[in-house]
Structures are given as C-alpha cells and as structure tokens.
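Undergrad: Pasting in a structure now, in structure tokens, and then I'll have a few things to ask.
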Amino acid sequence: MKKYIYLFFMLMCIVSCEKPEEGLVAEKSVNANIVRFRIYQNQNVFFDGTIDQEGNTVQVTIPEGIDKSAIRPQVLVSAGAVVTPKSGELQDFTNPVEYKVVSENGENTKTYMITVNY
C-alpha cells in the first residue's frame, strides 16, 4: 500500500511541474483611464469627480472649507495602468492639474485635466 501512495505522490509531483503552454500568458491591458477620482474631507466624507473619458477631464466640487492648495486625491486607474502624479500625492488644485495615465502594456497614454471647484 505504501508503494502505491509513494507512486501516486511522485506522479502528482511530475504532473504539477509541467511548464505552461506557449501563448497562455494573459496579454497586458491597453486601457489608460482614470476610473475614479476622489477627494476626502475626512475618513467618512469624500467627493467624487465627474469623469469625461472623451474630453479627458475630471471636475470635482468640494465645500469651501477644504484648502485647494493641499489636497491628496485618491486616483483609481485601469487595471495595471500607472498614474502620474501618484494617487495620494499632495497637490495644489488652485489651478487645473494634469494627470497622465499609461496603460499596463505601455502603448497608450491619456492626459487628464483635473479641475477642483467650490
């Protein structure tokens, strides 16, 4: 009986060590979008921007008590994409700010103009 258990164990090891077939690796995403732009007033109160994907703009309206010159927005982008400036990075929104998103595959880039208003 031990012989069969050992044989089964060895067979499982050999089968699990097979290399994946060529071409089965998922392709990297071509999407370069901002999917959410959020400004927090505190942990429980936040303001989401209105995103125009065709015009590459984001408009956020915040109450007058928030200092537009010192905001750390949360920016959510397409899967695998990279955004600059980074999400959570301190920004001065007294004037519109450009955010650049590069797709996971590096082939597509979108530049968004972010405007924060009272």
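The values are calculated or read from the model by the stated rules, or taken from the named source; none is laboratory data. It should be emphasised that the depicted structure is a prediction, and the values quoted were computed from it without experimental measurement. Ideal geometry is used to build each Cβ from the backbone, glycine not excepted, and the neighbour counts take in all protein chains shown. The area values use the complete protein model at the heavy-atom level, side chains included, leaving out ligands, DNA and RNA. Shrake-Rupley method; radii C 1.70, N 1.55, O 1.52, S 1.80 Å.
Undergrad: Within the group Gln74, Gln91, which residue is farther than 26 Å from Glu107 by Cα, of a type in the set (S, T, N, Q) and open to solvent by less than 80 Å² (accessible area, probe 1.4 Å)?
TA: Gln91
Undergrad: Examine segment 38-52 for a residue that is assigned to a loop (DSSP other than H, G, I, E, B), touching a strand residue (DSSP E or B) at 6+ places or on another chain (Cβ under 7 Å) and within 17 Å of Thr109 (Cβ to Cβ), and state whether such a residue exists.
TA: No, the conditions are met nowhere in segment 38-52.
Undergrad: Can you tell me which residues in segment 53-71 are open to solvent by less than 40 Å² (accessible area, probe 1.4 Å), among the aliphatic types (A, V, I, L, M) and part of a loop (DSSP other than H, G, I, E, B)?
TA: Across segment 53-71, the qualifying residues are Ile62, Ile66.
Undergrad: Also, I was wondering about something else. Quick check on my filter: what residues within segment 72-118 are within 18 Å of Val30 (Cβ to Cβ) and not in a strand (DSSP E or B)?
TA: Ser78, Ala79, Gly80, Ala81, Ser103, Glu104, Asn105, Gly106, Glu107, Asn108
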